[in-house]
Amino acid sequence: MKILHNISQVCRLTALISFIIGSIIFIIYNLTDSVLIVVFGYIFVIICAIVNMVFFIFLLTEMSQSKENRTKNLTSIFIMLLNIPICIAYIMIAFT
């Protein structure tokens, strides 16, 4: 299905953008030690968690309803889930 293919691409793009922006925030914090960057980072993490959760649930729903493109959807889910340990690592590094 064309719609399913586009959803998978959007999820991958969302995960990539979340990773890039989160990494930029992490680098800026390490360079400046600014409290404002910490606040902005927390807000960013909360927003990304909500957005990625919505896409994650949508992908799981699509996967359960359609057997087509299951591998592509699983790959997209895996890419999205990779951001979780990276985010945790960034937080642990920033506060040690």
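Each reported figure results from applying straightforward, stated rules to the coordinates on display, with no laboratory input. Model, not experiment: these values are computed from the prediction. Cβ sites come from the backbone with ideal geometry, for glycine too, and all protein chains shown count toward neighbours.
Site pair Phe40 and Asn6 shows an inter-label distance of 3.3 nm when each label is modelled 7 Å from Cα along Cα→Cβ. Axis of helix 70-94 versus longest Cα principal axis of the chain: the two differ by about 10°, to the nearest ten degrees.
What you get for the chain, charging only the Cβ of Lys and Arg (+1) and of Asp and Glu (-1), is a dipole of about 360 debye around the Cα centre.
In loop segments of region 61-96 as defined by DSSP, the chymotrypsin sites (Phe, Trp or Tyr not before Pro) with at most 13 further C-beta atoms inside 10 Å of their C-beta are Phe95. Take the Cα of Phe78, step 7 Å toward its Cβ, do the same at Ile24, and the gap between the two points is 2.8 nm.
If you line up the long axis of helix 2-32 against the longest principal axis of the chain, both from Cα atoms, how many degrees apart are they, to the nearest 10? It is inclined by approximately 10 degrees. Relative to the longest principal axis of the Cα atoms of the chain, the long axis of helix 35-65 lies at roughly 10 degrees.
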